[in-house]
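J.: There's a structure below that I have some questions on.
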Amino acid sequence: MHTIRKIQDDLVYVGGSDRRLSRFENLFPIPRGVSYNSYLLLDEKTVLFDTVDDAISRQFYENITAALAGRPLDYLVVHHMEPDHCSMIVALLHRYPEAKIVCSAKALVMLTQFYAEDMTERALVVAEGDKLSTGRHTLHFVMAPMVHWPEVMVTYDEPSKILFSADAFGTFGALAGNIFDDELAFNSVWLNDARRYYTNIVGKYGAQVQALLKKTAAFDIEMICSLHGPIWRGNLGLLMDKYQKWSTYEPEDKGVMIAYATMYGNTENAANVLAGMLADRGVHNIAMYDVSGTDVSELVAESFRCSHLVLAAPTYNGGLQPRMESFLHDLKALNLQNRTVALLENGTWAPVSGRHMKAILEGMKNMTLLENTVALKSALAENQFDALEALANEIAAQIVE
Ligand code: FEO
């Protein structure tokens, strides 16, 4: 049975959610599921904005059939060719043979690459600034390369003042009836997943997100319909503030994340002692994670949130503990910048983990390494308390107001 919801008099939500998929892109855990959003405009012409992952194909077809109520489908606008949104395109175009596909030139190439079917005859290829009138509505097409793939575009709908934003402004998390941000507890339930989605999926492309924000600033936007998660209409200011920070690699919070690797608990113990010292000096909301027991997507999201990172790790195979090494390489790949970092290394006979962490961090932009570092030999020794206190003083002096 269909599960459509009305967004405006002539705009209907026809997407759906997947709570069975355990990992998005077969990579990121999604314990709260994910939604694949699709929207149907019922103007003088009918326009479908994007399809969905084929995991929810039955729901999608039931929704479109109900929403069209016997009308033909005139246009399918394709904003993004990643298969979580495009895997239904070919099947849909066969089902609605009169529909034209509206997309960027690069998207058309990708469609052939993925599905070996040439849709050129049915394509209306659009470029920056092109418009399409559907009756009462005019669709403005804006190219958004690398947010999150090169073929991406977004659409501004006039006069409804809606931005169809592709992956931008999306979030992990299945929808449960409530499709608008002001119908659900965003800060307490959704914000962490929004941050984890942005930082891991789009985090690398801050400059491209900034370019898109500048272009769309020319439009009067009252609602944002992205491809994942709730529709934004009540908290646009909050969302824009978060996107501004995330895309410029500015920390959200003046705060400390301690990420440690530990084999037998000794490095963890030193991390705990340091956390206590920081708390004694007035540092609040200290976040601490074992990199071996925390999914790296959570570590990445927290690194984007916090201004200060403490990295503590043992030496392993003459190098760096592999989970810590993988985490730091992810941060580098995602272009994290502008953080202050303290290092704490451990090694029983030849500690080198600090050197390896430093080498990765020095390859990143604008990362400030604190002067105080602590090198453990197997375990924190009584005579190293002063060094740890000095590190705590240096961090607290930058955070506590
Ligand atoms: Fe939701 Fe980049 O696809």
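The values are calculated or read from the model by the stated rules, or taken from the named source; none is laboratory data. Only a predicted model underlies this, so the values are computations on that prediction, with no experimental measurement involved. We place every Cβ from the backbone using ideal geometry, glycine too, and count neighbours over all the protein chains shown. Quick note on the areas: whole protein, heavy atoms, side chains included, nothing else; ligands and nucleic acids left out. Shrake-Rupley method; radii C 1.70, N 1.55, O 1.52, S 1.80 Å.
J.: Answer yes if at least one residue in the stretch 356-377 is in a loop (DSSP other than H, G, I, E, B), more than 35 Å from the chain's Cα centre (by Cα) and hydroxyl-bearing (Ser, Thr, Tyr), and no otherwise.
T.: Checked against the condition, which is being in a loop (DSSP other than H, G, I, E, B), more than 35 Å from the chain's Cα centre (by Cα) and hydroxyl-bearing (Ser, Thr, Tyr), the stretch 356-377 yields no hits at all.
J.: Do we have any residue at all in the stretch 359-373 that's surrounded by fewer than 15 Cβ atoms within 10 Å (Cβ to Cβ), assigned by TED's automatic domain parsing to the domain that holds Thr267 and free of Cβ contacts under 8 Å to residues at least 12 places away in the same chain?
T.: Yes, the conditions are met somewhere in the stretch 359-373.
J.: Kindly indicate which of Met143, Met153 is out of contact with any Asp or Glu (no Cβ under 6 Å at 6 or more places or on another chain) and modelled with pLDDT of 95 or more.
T.: Checking each option against the conditions leaves just Met153.
J.: Which residues, counting only those in the stretch 21-34, are closer than 27 Å to Val102 by Cα and part of a loop (DSSP other than H, G, I, E, B)?
T.: Listed by number, the list holds a single entry, Glu25.
J.: Does Cys103 fit the bill of being farther than 28 Å from Asp220 by Cα, open to solvent by less than 50 Å² (accessible area, probe 1.4 Å) and at pLDDT 95 or above?
T.: Judged against the criteria, Cys103 is not a match.
J.: Sticking with this one: What pairs come up if the first residue lies in the stretch 6-28 and is under 19 Å from Val202 (Cβ atoms), the second is at pLDDT 95 or above, and their beta carbons are under 7 Å apart, counting only those six or more places apart or on different chains?
T.: That search, which allows pairs on different chains as well, returns Arg23/Pro29; Arg23/Ile30; Phe24/Ile30; Phe24/Val34; Phe24/Phe172; Phe28/Asn200; Phe28/Ser297.
J.: Only one of (1) crowded, with 19+ Cβ neighbours inside 10 Å; (2) under 27 Å from the mean Cα position of the chain (by Cα) is not met by Glu128, so which one is it?
T.: (1)
J.: Moving to a separate point now. Please identify the pairs in which a residue from the stretch 163-180 that is closer than 17 Å to Phe28 by Cβ and in contact (Cβ under 8 Å) with a residue 60 or more places away in the chain has its Cβ atom under 6 Å from the Cβ atom of a residue that is away from the ligand (no atom under 12 Å from the Cβ) and assigned to a strand (DSSP E or B), counting only partners at least 6 apart or on another chain.
T.: Hits for this filter: Ala174/Ser17.
Per-residue answers, yes or no, for (1) out of contact with any Leu (no Cβ under 6 Å at 6 or more places or on another chain); (2) closer than 27 Å to Phe28 by Cα; (3) aliphatic (A, V, I, L, M); (4) open to solvent by 40 Å² or more (accessible area, probe 1.4 Å):
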| residue | (1), (2), (3), (4) |
| --- | --- |
| Glu298 | yes, yes, no, yes |
| Glu302 | yes, yes, no, no |
| Val310 | yes, yes, yes, no |
| Tyr316 | yes, yes, no, yes |
| Asn335 | yes, yes, no, yes |
| Glu345 | yes, no, no, no |
| Ala375 | yes, no, yes, yes |
| Glu389 | yes, no, no, yes |
| Gln398 | yes, no, no, yes |
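J.: Which residue out of Asn178, Asn235, Asn192 is of a type outside the set (Ser, Thr, Tyr), within 21 Å of Val52 (Cα to Cα) and out of contact with any strand residue (DSSP E or B) (no Cβ under 8 Å at 6 or more places or on another chain)?
T.: Exactly one of Asn178, Asn235, Asn192 is of a type outside the set (Ser, Thr, Tyr), within 21 Å of Val52 (Cα to Cα) and out of contact with any strand residue (DSSP E or B) (no Cβ under 8 Å at 6 or more places or on another chain), namely Asn178.
J.: Using beta carbons and a limit of 6 Å, which pairs, at least six apart or on different chains, have the first residue in the stretch 310-322 and closer than 21 Å to Val256 by Cβ and the second one open to solvent by less than 10 Å² (accessible area, probe 1.4 Å) and assigned to a loop (DSSP other than H, G, I, E, B)?
T.: Every condition considered, the pairs that remain are Ala313/Ala261; Gln321/Ala261.
J.: Taking the condition open to solvent by 10 Å² or more (accessible area, probe 1.4 Å) and either within 13 Å of the ligand (Cβ to nearest atom) or within 26 Å of Glu98 (Cβ to Cβ) (or both), does Ser188 pass?
T.: Criteria not met by Ser188.
J.: Look at Ala66 and say whether it is over 18 Å from Gly177 (Cα atoms) and open to solvent by 10 Å² or more (accessible area, probe 1.4 Å).
T.: no
J.: Wholly within the stretch 92-183, which strands (runs of 3 or more DSSP E) include no fewer than the required count, namely at least 3 residues that are away from the ligand (no atom under 16 Å from the Cβ)?
T.: 100-103, 123-125, 131-133, 138-143, 153-158
J.: Looking only at the stretch 259-279, filter to residues that are within 13 Å of Leu391 (Cα to Cα) and either touching a residue at least 40 places away in the same chain (Cβ under 8 Å) or not in a helix (DSSP H, G or I) (or both); which one of those is nearest to the chain's Cα centre (by Cα)?
T.: Ala271
J.: Test Ile7 against the stated conditions and say whether it is under 25 Å from Asn178 (Cα atoms), open to solvent by 10 Å² or more (accessible area, probe 1.4 Å) and of a type outside the set (D, E, K, R).
T.: Criteria met by Ile7.
J.: Looking only at residues in the stretch 35-51 that are part of a loop (DSSP other than H, G, I, E, B) and more than 10 Å from the ligand (Cβ to nearest atom), which one is most open to solvent (accessible area, probe 1.4 Å)?
T.: Glu44
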